[in-house]
Amino acid sequence: IDFGLFNDRLSGSFDAYQSETRDLLLDQKLPELTGFGSVKTNVGNLQNRGFDLGLNSINVSSANFVWTSAFNITYRVNKITTLGNAPTETTDSEGNTVMREPDDLQNGWFIGENKDIIWDWELDGVYQLGEEAEAAQYGLFPGDFRFVDQDGDGDIDIDDKVFLGLTNNPWYITLRNDMEYKGFDLGVIFLARLGFKGGTSEPFNNSQQYIKNHNWYDIPYWTPLNGQNDFARINSINLGGGNAWLSKSYVRLQNISLGYSLPQNILEKVKANRVRLAVNIENVAVFTPWIKELGDPESDREMPRTYSFSLDVTF
């Protein structure tokens with residue numbers, strides 16, 4: 001759908017789609033006894049659906065001041081429809097015996113779920129003083145993360161793993177504003193990736209290379225006098241090598257550019273068609289709940305802020 005409203009002061013387009021990719025080529029993990037980590041395999045079919053919305057607006061238009069905006073939002077999700085395996089007899093959540101295609105637990109691929117689904121143990125804060133008896137049931141202590149015993153059998157195992165979100169963002173948003181006033185021009189760009197998580201073991205505070213050898217990260221840790229719920233004690237116990245899955249959603253002020261173009265009367269004196277001075281700042285700021293010590297939520301490493309200056313002259 002393409003549209004224009006209010007004499008095209010507001011215009012845009014909307015696209016929606018659903019498609020299915022067959023014989024998807026993915027890296028499939030192999031059992032350790034094979035001596036290989038993974039192999040490229042046509043594992044099945046993947047359904048993709050989503051939409052794209054783009055809006056362009058002329059917010060202000062006068063002799064001295066012009067302000068325009070461009071807004072884009074993309075939503076995309078996928079679903080594994082088959083892994084190419086024959087149905088087997090299994091028991092559903094209500095205890096009924098049904099025939100269905102088995103999931104691939106080793107690779108974390110589940111029929112009817114997103115290929116980027118997170119399947120892991122759920123953490124429910126940190127054991128505090130006074131909860132020694134509860135923690136001891138699982139061989140843990142105050143200051144250790146509380147793993148949720150989903151089936152209540154007193155043991156944290158594969159049956160306690162649940163879906164915790166996605167590792168790839170379904171939402172992608174950009175917003176650009178451009179303004180011009182008496183020779184000055186200003187451009188501001190925001191972008192956002194929303195709805196995804198990243199896994200890290202750093203909140204467990206048991207990585208020996210950071211405890212013994214050097215202190216790269218300034219990450220909080222639990223103590224009896226600082227009984228926080230988001231970070232474990234030093235050398236905490238991590239049952240089964242689980243991860244803390246934290247939101248990596250972010251909004252980034254990607255770019256600010258400010259320029260000035262010489263007026264026509266001065267251009268005639270210097271015999272130039274155009275002269276523009278400009279300053280540009282890239283990666284101005286990022287707003288995210290992700291732990292900043294672990295790097296940028298997009299790249300997982302340091303993202304520098306860069307400044308550049310330019311002089312454009314056209315004769």
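Could you identify the single residue in Leu175, Leu191 that is touching a residue at least 24 places away in the same chain (Cβ under 8 Å), under 16 Å from the mean Cα position of the chain (by Cα) and surrounded by 15 or more Cβ atoms within 10 Å (Cβ to Cβ)? Don't jump to the end; show me each part of the working.
Working: Leu175 fails: under 16 Å from the mean Cα position of the chain (by Cα).
On inspection, the qualifying residue turns out to be Leu191.
Can you pull out every residue in the range 299-313 that is in contact (Cβ under 8 Å) with a residue 24 or more places away in the chain and open to solvent by 90 Å² or more (accessible area, probe 1.4 Å)? Talk me through it step by step, then tell me what you get.
The initial filter retains those residues of the range 299-313 that are in contact (Cβ under 8 Å) with a residue 24 or more places away in the chain, namely 300, 305-313.
Passing the criteria: Arg305, Tyr307, Phe309, Leu311.
Are any residues in the range 157-172 in a helix (DSSP H, G or I) and either free of Cβ contacts under 8 Å to residues at least 12 places away in the same chain or exposed (fewer than 15 other Cβ atoms within 10 Å of the Cβ) (or both), and if so, which ones? Even if it seems obvious, please write down each step before you answer.
Step one: filter the range 157-172 for residues in a helix (DSSP H, G or I), giving 158-160.
Those that are in a helix (DSSP H, G or I) and either free of Cβ contacts under 8 Å to residues at least 12 places away in the same chain or exposed (fewer than 15 other Cβ atoms within 10 Å of the Cβ) (or both): Ile158, Asp159.
What strands (runs of 3 or more DSSP E) completely inside the range 57-156 contain at least 3 residues that are hydrophobic (A, V, I, L, M, F, W, C)?
Values: elements: 65-82, 88-91, 97-100, 117-120, 123-126, 145-147.
By residue number, 65-82, 117-120.
What number of residues within the range 57-81 satisfy the criterion of being farther than 25 Å from Tyr260 by Cβ and open to solvent by 60 Å² or more (accessible area, probe 1.4 Å)?
Selection size over the range 57-81: 4.
Which of (1) touching a Lys or Arg at 6+ places or on another chain (Cβ under 9 Å); (2) open to solvent by 30 Å² or more (accessible area, probe 1.4 Å); (3) at positive phi does Lys182 not meet, given it meets every other one?
The failed condition is (1).
Would the range 136-156 turn up any residue that is among the aliphatic types (A, V, I, L, M) and closer than 30 Å to Thr41 by Cα?
Of all residues in the range 136-156, those among the aliphatic types (A, V, I, L, M) come to 136, 140, 148, 156.
Add one more test, that the residue is closer than 30 Å to Thr41 by Cα, and what stays is none.
Scanning the range 136-156, I find no residue that is among the aliphatic types (A, V, I, L, M) and closer than 30 Å to Thr41 by Cα, so the answer is no.
The values are calculated or read from the model by the stated rules, or taken from the named source; none is laboratory data. These numbers were taken from a predicted model, which means no experiment stands behind them. No Cβ is skipped: glycine too gets one built from the backbone with ideal geometry, and neighbour counts run over all protein chains shown. To get the accessible areas, we keep the full protein, side chains included, count just its heavy atoms, and leave off ligands, DNA and RNA. Shrake-Rupley method; radii C 1.70, N 1.55, O 1.52, S 1.80 Å.
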